[in-house]
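A short write-up of the structure that comes next.
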Amino acid sequence: MLKISFFILSLISANYALAVSHNNDEDSKKSELISQVAKTYQASMAFIFQNQPLINQQRVDKSQLFGQAFILNVKNTYKTKFNQEFPEQSSPVIKSLIQIMIEVMESNRTLLYDDDIAFKGFIPAIFAFQLSEKLSKKNIGVKIKFTSKPKQIRNQLNQPDFWEINAMNEVQKLNLESYFDDQVSYLGKPAQRYFLPVKMQPFCLSCHGIPADNPLNVGKPEAQWSNIDRTGFPMENWSLNDFGGGISITFFDK
């Protein structure tokens with residue numbers, strides 16, 4: 001009887017270990033995918049940042065901003081920024097994200113080619129917001145948002161929720177490269193959430209830096225400098241590598 005009991009306990013233990021191992025593998029895959037989505041999103045924003053001169057230029061070919069040419073540029077930006085190959089497109093989430101990027105750029109084609117508008121206003125924050133809005137309508141159980149601390153938010157629709165505020169606090173307190181949480185719910189359903197912090201880069205400072213960084217002040221005496229950026233918002237006086245908010249990704253059960 002003792003041998004049989006021992007055998008049964010051993011079998012239960014082995015099955016439990018296999019189940020734990022399987023769950024760990026699944027959690028690892030989810031963590032990796034959610035990270036890839038955040039990095040893809042950030043790479044696309046970086047490309048929009050870096051190509052503001054092209055976006056606002058008049059009477060030039062802008063085909064690099066559309067279709068597969070745009071996606072190739074995002075992939076190259078991803079490789080350069082993260083020193084990693086672009087993720088496989090077998091994931092429905094990555095596929096959807098790429099398709100939505102193409103749709104967002106195409107929906108702005110008329111604006112981007114309008115030579116009567118010198119400053120198009122198509123900045124990374126606008127691109128990111130449009131991308132997030134389109135993604136939310138795909139019903140694939142993914143939400144993406146570019147957010148920041150409550151007092152730093154420009155677009156009030158991007159206000160952080162409680163989880164995002166806590167994630168930002170933890171990232172700053174512990175100097176984390178990212179924050180992942182798979183023990184959370186979203187809209188009352190099991191979810192995995194991820195936050196990727198974004199630091200101020202040189203090209204961010206034209207809007208978020210100090211008046212000396214403001215392109216609108218070029219050629220003016222300092223006494224006439226404005227702290228209002230090209231989008232009409234007061235500049236935050238941030239410096240290079242300051243915390244500028246981050247990318248919040250949520251995977252949830254549909």
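With N set to the number of residues, divide the alpha-carbon radius of gyration of segment 138-252 by 2.2 N^0.38 Å and report two decimals.
Computed over Cα atoms of segment 138-252, the ratio equals 1.27.
Past 30 Å, Cα to Cα, is the threshold; run 75/151; 29/120; 62/151; 79/143; 120/173 against it and keep the listed order. Could the numbers behind the result be given before it?
Numbers: 75/151 33 Å; 29/120 39 Å; 62/151 36 Å; 79/143 24 Å; 120/173 37 Å.
Result: 75/151; 29/120; 62/151; 120/173 exceed 30 Å.
Taking 2.2 N^0.38 Å as the expected size of a compact globular protein, what ratio does the Cα radius of gyration of segment 171-232 give against it, to two decimals?
The reported ratio for this selection is 1.81.
I'm a student and want to see the number: the projected area of the Cα convex hull of segment 127-196, averaged over all directions, in nm². Could you put the intermediate results ahead of the total?
Values: hull surface 21.1 nm².
Answer in nm², one decimal: 5.3.
Give the cross-link partners of residue 138 among the lysines, using a straight C-alpha distance below 19 Å as the criterion and excluding same-chain residues fewer than 8 apart.
95, 189, 254
Considering only protein heavy atoms and a 1.4 Å probe, what is the carbon-and-sulfur percentage of the accessible area of segment 82-190?
Details: 3150 of 6230 Å².
The C+S portion of the solvent-accessible surface of segment 82-190 is 51 percent.
Can you figure out the FRET efficiency of residue 91 with residue 176, using R₀ = 25 Å and their beta-carbon distance, to the nearest 0.05?
Details: r = 25 Å, r/R0 = 0.98.
Working from the Cβ atoms, E equals 0.50.
By a straight-distance test (C-alpha under 20 Å), which aspartates and glutamates pair with residue 81 as possible cross-link partners, with residues fewer than eight away in the same chain excluded?
32, 177, 242
Excluding ligands, DNA and RNA, what is the solvent-accessible area per residue of the chain at a probe of 1.4 Å, expressed in Å²?
Values: 14290 Å² over 254 residues.
Counting only protein heavy atoms, the per-residue value for the chain is 56 Å².
With a cut-off of 13 Å, note down the residues of segment 138-169 whose backbone N falls inside the zone around a label point 7 Å from the Cα of residue 81 toward its beta carbon.
Correct set: 146.
When the Cα atoms of segment 198-244 are enclosed in a convex hull and the volume is divided per residue, what value in Å³ results? Display every interim value, and only then the final one.
On the way: hull volume 3.1 nm³, N = 47.
It comes to 65 Å³ per residue, whole-number rounded.
By how many nm would the segment from residue 106 to residue 217 lengthen if fully extended, with 0.36 nm per residue of separation less the alpha-carbon distance? Write out the running numbers ahead of the final one.
Working: separation 111, 0.36 × 111 = 39.96 nm, distance 3.22 nm.
Length gained, residue 106 through residue 217: 36.7 nm.
From largest to smallest, what semi-axes in whole angstrom does the chain give when each is the square root of 5 times an eigenvalue of its alpha carbon gyration tensor?
42, 22, 15
Using alpha-carbon pairs under 8 Å, 6+ residues apart, how would you state the relative contact order of the chain in percent?
Working: 321 pairs, mean separation 47.6, N = 254.
This gives 19 percent for the chain.
Taking N as the number of residues in segment 75-174, what value does Rg over Cα atoms divided by 2.2 N^0.38 Å take? Provide the component values of the computation, followed by the final result.
Numbers: Rg = 16.1 Å, N = 100, 2.2 N^0.38 = 12.7 Å.
Ratio of Rg to 2.2 N^0.38 Å for segment 75-174: 1.27.
Take each of the peptides 130-136, 180-186, 75-81, average the number of other beta-carbon atoms within 10 Å over its residues, and list them starting from the highest. Write out the running numbers ahead of the final one.
Numbers: 130-136: 18.0, 180-186: 13.9, 75-81: 16.1.
Final packing ranking: 130-136, 75-81, 180-186.
The values are calculated or read from the model by the stated rules, or taken from the named source; none is laboratory data. On a predicted model such as this, the values are computed, not experimentally measured, just so you know. Methodologically, a virtual Cβ is constructed for each residue, glycine included, from the backbone with ideal geometry; neighbour enumeration extends over all protein chains shown. The area values use the complete protein model at the heavy-atom level, side chains included, leaving out ligands, DNA and RNA. Shrake-Rupley method; radii C 1.70, N 1.55, O 1.52, S 1.80 Å.
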